[in-house]
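Below is one structure; the comments refer to it alone.
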Amino acid sequence: MSAEQTKHAPDAAKDASAASQMWGGRFASGPAAIMEKINASIGFDKRLADQDIAGSKAHAAMLARQGIISQADADAIRDGLDRVKEEIDSGRFEFKVELEDIHMNVEARLAELIGEPAKRLHTARSRNDQVATDFKLWVRDAIDRADAGLKALQTALIDLAEQHADTLMPGFTHLQAAQPVTFGHHLLAYVEMFGRDRGRLTDARARLNECPLGSAALAGTPYPIDRFMTAEALGFNRPTANSLDAVSDRDFALEYLAAASICAVHLSRFAEEIVLWCSVQFRFIRLSDAFTTGSSIMPQKKNPDAAELVRAKAGRVIGMLNSLLIAMKGLPLAYSKDMQEDKEPVFEADDTLGLCIAAMEGMVRDMEPNREAMREATARGFLNATDLADWLVRELGIPFREAHHITGRAVKMAEEKRVGLTDLSLAELQSIEPRISEAVYPALSIESSLNSRSSYGGPAPDRVREAVKVARERFL
């Protein structure tokens, strides 16, 4: 053995001993280095520290009340866990790879602090139900964070929509100008989308709120535990009903990722519109230097990079959902080590989604709408064509399909003359349909078109103001 090998031999032996002690008497030595590297999760699951400590405190309190451990041991465990949490919060805690995960790191440190009572903590539980409980608690917190962020984003959108309830802009289909709406109406569409996102998160939270603790490895425990006590202490509605399902279920993570992915799609769609609106071809809005960047060689450029990155990061969140779906798709009951791969996708999705929501809220509060540019855009693309067809139906009793055909001929004539529909003379309109009268022109103004669309959920300014009020009551 070389001097260097001799130097590190005690450490290696110590690490092997720690791993062997953790796994129990069946293993005489520690894992190979590559096994240790692929098996350890402490590099990422240390984010579960708060949840792990909360779960252990609830478990110890229950064990004491049930007479499974002494109250003195439970008190020592509680106080020791508080000290461990303080060390972690202050950055003084040493996370050890050889102890694999957050559960064993916390338990090992607890043993160093309080000695024998720490060895009683793991009575009537397994790392299987422990991690399922910790992870549910963490995902529950992630849902609450996302909901709060989306509520703030909705607030920003509703505030801006109220200011622009009557700001004319083109509504689009196929990215072609279609009918007039208002900027406020357009923004409220995203309020609805993010409201559904919050609803999906709320539904997922309600379904996950059952406590796995006490399911042990897969088959429960012979100890006289009170699972309802630990569930209540940790804020769950009830304990899980089946021990096999409890330790093998990751639906709650998949549901969170599914809801996060749909939300990321909504954020990406809005980001794409911001990119378009900032372009010189649209000029609908302006973003300040806070959310844009310049070009290294083109001094005139002001790039909406924040929006572009939100658009791109949707792919990361969707990828995390796909990753976990694939990891789970072939697993038999109950627990398999594959399920260790559940946390990193959720952690990354939470980080990414939170950043994107915050960036989008910032851009909404930062943007300066260009009323003039939006209004000018409504003068192009024959946005009042449907209004001509509706007038023919309403005033002349012409069937809509026929009115649609007549209007199409009028649009073609206007295109050839390079004018708008209101610029066609009465004689020109009557050459297409003789019964058309001067009364058609007021109906073809953009303002008239907009104000006429006062059906529930429509873009008429008064309707938008009503919708703003309702949205505040529903979502804020």
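The values are calculated or read from the model by the stated rules, or taken from the named source; none is laboratory data. The structure displayed is predicted, hence computed values, not measured ones. Quick reminder, even Gly has a Cβ in these numbers, built from the backbone with ideal geometry, and neighbours come from all protein chains shown. Surface accessibility is based on the protein's heavy atoms, side chains included, excluding ligands, DNA and RNA. Shrake-Rupley method; radii C 1.70, N 1.55, O 1.52, S 1.80 Å.
Things worth noting here:
- Qualifying residue in segment 166-178 (condition: β-branched (V, I, T), open to solvent by 10 Å² or more (accessible area, probe 1.4 Å), within 30 Å of S445 (Cα to Cα) and not assigned by the TED database to the domain that holds N384): yes
- Taken together, the residues in segment 343-381 that are in contact (Cβ under 8 Å) with a residue 40 or more places away in the chain and either out of contact with any Phe, Trp or Tyr (no Cβ under 7 Å at 6 or more places or on another chain) or among the hydroxyl-bearing types (S, T, Y) (or both) amount to 23.
- Summed over segment 117-131, the residues that are in contact (Cβ under 8 Å) with a residue 24 or more places away in the chain and part of a helix (DSSP H, G or I) give a count of 8.
- Condition met for A439 (within 30 Å of G149 (Cα to Cα) and either at pLDDT 95 or above or among the small types (G, A, S) (or both)): no
- When the test is whether a residue is outside the structural domain of K136 (by the TED database), in contact with a helix residue (DSSP H, G or I) (Cβ under 7 Å, 6 or more places away or on another chain), in a helix (DSSP H, G or I) and at pLDDT below 70, M62 does not pass it.
- Per the conditions (1) out of contact with any Asp or Glu (no Cβ under 6 Å at 6 or more places or on another chain); (2) more than 30 Å from F172 (Cα to Cα); (3) open to solvent by less than 20 Å² (accessible area, probe 1.4 Å), the sole criterion not satisfied by K343 is (1).
- Among (1) hydrophobic (A, V, I, L, M, F, W, C); (2) open to solvent by 20 Å² or more (accessible area, probe 1.4 Å); (3) under 30 Å from L276 (Cα atoms) - the single one L426 does not satisfy: (3)
- Pairs meeting the criteria (first residue in segment 208-221 and closer than 12 Å to T240 by Cβ and open to solvent by less than 40 Å² (accessible area, probe 1.4 Å), second residue β-branched (V, I, T) and part of a loop (DSSP other than H, G, I, E, B), beta carbons under 8 Å, at least 6 apart or on different chains) are C211/T240; P212/T240; G214/T221; G214/I225; S215/T240.
- Taken over segment 441-468, the criterion of being on the phi < 0 side of the Ramachandran plot, part of a loop (DSSP other than H, G, I, E, B) and either without any contact (Cβ under 8 Å) to a residue 24 or more places away in the chain or out of contact with any Pro (no Cβ under 7 Å at 6 or more places or on another chain) (or both) is satisfied by L444, S445, S454, S455, Y456, G458, P459, A460.
- Note on segment 303-324: among residues that are touching a residue at least 24 places away in the same chain (Cβ under 8 Å) and open to solvent by 80 Å² or more (accessible area, probe 1.4 Å), the one that is farthest from D366 (Cα to Cα) is R316.
- Number of positions in segment 132-183 that are assigned to a helix (DSSP H, G or I) and among the small types (G, A, S): 8
- Segment 445-464, residues that are of a type in the set (V, I, T) and under 21 Å from V191 (Cα atoms): V464
- Residues that are surrounded by fewer than 17 Cβ atoms within 10 Å (Cβ to Cβ) and of a type in the set (A, V, I, L, M), drawn from segment 222-247: A241, L244
- The set of residues in segment 429-440 that are part of a helix (DSSP H, G or I) and surrounded by fewer than 16 Cβ atoms within 10 Å (Cβ to Cβ) contains only Q430.
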